[in-house]
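Presented below is the structure to which this report refers.
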Amino acid sequence: MTTLVLGLSLGAPMAADAQNASAAWQTTPASVLKNSLRTIVAAQEKYRATHPVFASTVEALRVNAGPDVTIQILGVTPSGWRAKATHRARPGRSCVVFVGPLTTAELPKTDGDGEMAGEEGVPLCDRME
């Protein structure tokens, strides 16, 4: 049996299109909010390593998410915390995250879809079409 192998050339136009699509995806409001919340997760871990508690404000974490993003620490317990991020371009929509054991009533919910964060340390966002 003979095998025929065809080579495809990925020319510059296709590569450029892929880069443009990747850059556009990275700058969507949802991706910006998720990245901002991931930064908060890391900052809280660092803060907790040097303090006996989690930070109750973004200012204490010394994180600047930029002019279009607002981050709120919604609550802090001795063993966890929860936060919400919003983007100026998507009013009424949000992303949420939590770390540590929380009761179902304490789990943060997104503003638009009312989705409840379900996985610790993983940001969950409203649909932002």
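What list of ³J(HN,Hα) values in whole Hz, one per residue of region 58-71 in order, does the Karplus curve 6.51 cos²θ - 1.76 cosθ + 1.60 (θ = phi - 60°) give from phi, with Gly and Pro shown as x?
Once θ is set to phi - 60°, the couplings for region 58-71 become 5, 4, 5, 7, 6, 10, 10, 7, x, x, 8, 10, 10, 10 Hz.
Over what distance in Å are the Cα centres of region 29-90 and region 115-129 separated?
14
Give the residue list of trypsin sites (Lys or Arg not before Pro) in region 40-104 that are DSSP loop and have at most 16 other beta-carbon atoms within 10 angstrom.
Numbers: sites: Lys46, Arg48, Arg62, Arg82, Lys84, Arg88, Arg93; in loops: Arg62, Arg88, Arg93.
Here the trypsin sites (Lys or Arg not before Pro) that fit, given the DSSP loop and packing criteria, are Arg62, Arg88.
FYI, it's all coordinate maths here, none of it is from the lab. The shown structure was predicted, so the numbers you read here are calculated from the model rather than taken from an experiment. Quick reminder, even Gly has a Cβ in these numbers, built from the backbone with ideal geometry, and neighbours come from all protein chains shown.
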